[in-house]
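Notes follow the structure.
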Amino acid sequence: MKQVGLIMGSDSDWSVMKGAAEALDEFAVGYEVGVVSAHRTPVKMIDYAQRAADRGIKVIIAGAGGAAALPGMVAAATPLPVIGVPVPLKHLDGMDSLLSIVQMPAGVPVATVSIGGARNAGLLAVRMLAATDPALRGRMVDFQKALEALVADKEATLRA
Ligand code: RP5
């Protein structure tokens with residue numbers, strides 16, 4: 001079952017956005033991947049956003065770079081939670097992408113992660129789904145314990 005819609009403005013975003021896919025894979029959460037551009041394929045974008053919920057998608061992760069309109073425009077046309085990933089391009093270090101995504105008008109939220117933070121977008125989608133899925137929540141708790149253990153291991157190597 002595909003619960004997450006993972007979309008990006010261009011196939012060139014995949015090198016960043018695959019971080020979200022990898023996180024979803026780690027938790028065995030089903031997802032679909034698509035290239036949907038706010039500026040190059042605006043009709044496809046609106047159609048995708050309007051139909052996603054009825055197709056069973058529960059969370060949308062949208063990544064884009066530069067004048068990154070995709071996450072906000074998708075959020076405007078769907079009732080689903082949208083997580084925005086600012087993709088860094090060659091110029092401006094991704095600040096253009098970040099500011100294009102994060103500064104949404106009241107009433108149209110996008111949960112924006114850090115520049116290039118696709119892995120956290122995937123993990124946030126898992127947490128959203130886990131709110132109503134006890135088994136998935138259990139896997140997230142295990143993941144958090146593993147993170148904690150990793151820090152302890154690394155700290156021990158400092159003292160060794
Ligand atoms: C944005 O333009 C895309 O999300 C991508 O980050 C950027 C460049 O796209 P390409 O010219 O590489 O296709 O809309």
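Quick notes on this structure:
- For region 32-78, the candidate set comprises residues that are part of a strand (DSSP E or B) and under 19 Å from residue 112 (Cβ atoms); within that set, the residue that is farthest from the ligand (Cβ to nearest atom) is 59.
- Per the listing 84, 138, 116, the residue uniquely assigned to a loop (DSSP other than H, G, I, E, B) and of a type outside the set (Lys, Arg) is 116.
- Only one entry in 68, 62, 23, 49 is of a type in the set (A, V, I, L, M) and in contact with an Asp or Glu (Cβ under 8 Å, 6 or more places away or on another chain), namely 68.
- Total residues in region 33-64 satisfying the condition of being among the β-branched types (Val, Ile, Thr), surrounded by 13 or more Cβ atoms within 10 Å (Cβ to Cβ) and more than 21 Å from residue 23 (Cβ to Cβ): the figure is 2.
- Just one of the listed residues (108, 151) is away from the ligand (no atom under 16 Å from the Cβ), farther than 17 Å from residue 24 by Cα, more than 13 Å from the chain's Cα centre (by Cα) and touching a residue at least 12 places away in the same chain (Cβ under 8 Å), namely 108.
- Enumeration of residues in region 121-139 that are aliphatic (A, V, I, L, M) and either under 16 Å from residue 70 (Cα atoms) or buried (at least 16 other Cβ atoms within 10 Å of the Cβ) (or both): 121, 123, 124, 125, 126, 128, 129, 130, 136
- Options 130, 146, 125; residue that is within 30 Å of residue 94 (Cβ to Cβ), among the hydrophobic types (A, V, I, L, M, F, W, C), free of Cβ contacts under 8 Å to residues at least 12 places away in the same chain and in contact with a Leu (Cβ under 9 Å, 6 or more places away or on another chain): 130
- Cβ-Cβ under 7 Å pairs, at least 6 apart or on other chains, region 26-46 side hydrophobic (A, V, I, L, M, F, W, C), far side within 16 Å of the ligand (Cβ to nearest atom) and modelled with pLDDT under 95: none
- Unique residue being in contact with a helix residue (DSSP H, G or I) (Cβ under 6 Å, 6 or more places away or on another chain), surrounded by fewer than 21 Cβ atoms within 10 Å (Cβ to Cβ) and at pLDDT 95 or above when the list is 118, 106, 69, 77: 77
The values are calculated or read from the model by the stated rules, or taken from the named source; none is laboratory data. None of the values given here were measured: they were computed from a predicted structure. Quick reminder, even Gly has a Cβ in these numbers, built from the backbone with ideal geometry, and neighbours come from all protein chains shown.
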